[in-house]
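A short write-up of the structure that comes next.
Just so it is clear, none of the values below were taken in a lab; they were calculated from the coordinates. Remember, predicted model here, so these are calculated numbers, not experimental data. Here the Cβ positions follow ideal geometry from the backbone for every residue, glycine too, while neighbour counts run over all protein chains shown.
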Amino acid sequence: DEQRGWDSDRRSVTMNKCTLTVFAATLLAVSGVGQAPDWTQVTPANSPGGRDGQAMAYDSARGRVVVFGGRNSMGSYLNDTWEYDGVNWTQVTPASSPANRYAHPMVYDSARGRVVMFGGWSGSSQLNDTWEYDGVNWTEIFPANIPQGRTASSMVYDSARGKVVMFGGFNGWYFQDTWEYDANTTASSVGFGIGCPATQPLALNSNQPLLGTDWLLTASSVDPASPFCLFWFGEIAVNPGVDLGFIGAAGCFAYTNANLGAFLAPVTSGSGTFTVSVPNNPALLAYALTVQASAASNSTAVGFVTSNGLTGVIGNQ
């Protein structure tokens, strides 16, 4: 047998075969590599009721396994939500929940921290609704394009591309279609139109309206005569704007329908700022708001001026 020692030609330590075998076994034991995979039955104090056709996903941010729905031994379709923390199961009671269902796919979107669920069988119809769970509540999402209702489709989250991928399913026939769900929406803030004619027209600008952040709207070049300015919010952009010359504001335009109202903000050093706290709710993704500012001014017969319009689209990136 080869003895342990220094091999000057190969510049390495050698050892006999017996010692090498013991060394390798010890290394594997310490590292855990080479241990045989195994299932171990655990017995939590609480567990969901028996069922099949449920969906399950792992929320890696919270360290919880999430289970939703399924069908029990009586043939009833369920819509309960359970979480498992590695020790025990806990039933959670969100303020809103999807309808009862069976054989529905569900995955965890790690980039956004949301469990995503699609479709399934209600007991009477194939579903094609999309829901997201943030660990507190379920929220229904209404994408522009929706796959046909189906059961037993397969769904995974592609973390490299940030997309949910779904394939196949059953609805009286077998689907072989592939769908991708991209919940990422790029936030935007785009100005349009012009402020009333002036040496320095009232100008409206903002940052990007992102979920869970503050949308800061700033009206600059406010007339020194105005201690306040108004921010008008609407869901419809009016472009080109409505000419306000008919009320004495020549060269001024209205750029929003202002159906959401107007909010007062103080002016400091020629600027007024209004803050909108955007809720961290994915149902708001792609929601658009058009804003316009106005302020007191001696430069028009009606005593006020308006800014350009600005449309913000809520996004998560």
Report task. Determine the distance separating the Cα centre of the stretch 287-317 from the Cα centre of the stretch 177-205; give it in Å without decimals. Result -> 12 Å
Query raised in the report: Kirkwood Rh, the chain, all Cα pairs: how many Å?
Result: 24.7 Å
Query raised in the report: By counting other Cβ atoms within 10 Å of each Cβ, how are W82, W39, W121 ranked from fewest to most?
Result: W39, W82, W121
**Report entry** Cβ-based exposure ranking for V42, V267, V222, V190, in which fewest neighbours within 10 Å come first
**Finding:** V42, V190, V267, V222
**Report entry** Mean separation of Cα contacts under 8 Å (6+ apart) over length of the stretch 221-299, as relative contact order %
**Finding:** 46 percent
Query raised in the report: Please state the relative contact order of the chain as a whole percent: Cα pairs under 8 Å, 6+ residues apart?
Result: 12 percent
Query raised in the report: When ranked by the protection proxy of mean other Cβ atoms within 10 Å per residue, highest first, what sequence do the peptides 101-110, 64-73 form?
Result: 101-110, 64-73
Report task. Rounded to the nearest Å, what's the spacing between the alpha carbon centres of the stretch 98-131 and the stretch 74-90? Just the number, please. Result -> 15 Å
Requested in this report: Let me have the 222 nm mean residue ellipticity of the chain computed from DSSP H runs of 4+ only, each contributing -39500 (n - 2.57), with the sum over all residues rounded to the nearest 500.
Outcome: -1500 deg cm²/dmol
**Report entry** Chain lengthening between A288 and T90 when straightened (0.36 nm per residue, less Cα-Cα)
**Finding:** 67.5 nm
Query raised in the report: When all C-alpha to C-alpha distances in the stretch 99-248 are sorted into bins of 5 Å, what percent of pairs does each bin hold, rounded to whole numbers?
Result: 2, 7, 13, 15, 13, 9, 8, 7, 8, 7, 6, 4, 2, 0, 0
Query raised in the report: Of all the Cα-Cα pairs you can form in the stretch 60-112, what percent are over 13 Å apart?
Result: 65 percent
Report summary line: re the stretch 189-275: pairs of Cα atoms spaced beyond 19 Å account for a percent value of 43 percent
Query raised in the report: For N308, which sequence-distant residues (separation of 5 or more, or a different chain) have an amide H within less than 5 Å of its own amide H, given hydrogens modelled in the peptide plane?
Result: G195, L204
Query raised in the report: One-quarter of the Cα convex hull surface for the stretch 259-317, in nm²?
Result: 5.6 nm²
Requested in this report: Please give the per residue volume of the convex hull enclosing the alpha carbon atoms of the stretch 60-179, rounded to a whole number of Å³.
Outcome: 116 Å³
Query raised in the report: So which residue, out of I247, I236, I146, gets the largest mean-square fluctuation from a GNM of the chain using Cα contacts under 10 Å as springs?
Result: I247
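Order by neighbour count: C196, C252, fewest other Cβ atoms within 10 Å first, most last.
Details: C196 22, C252 28.
Listed from fewest to most nearby Cβ atoms, that is C196, C252.
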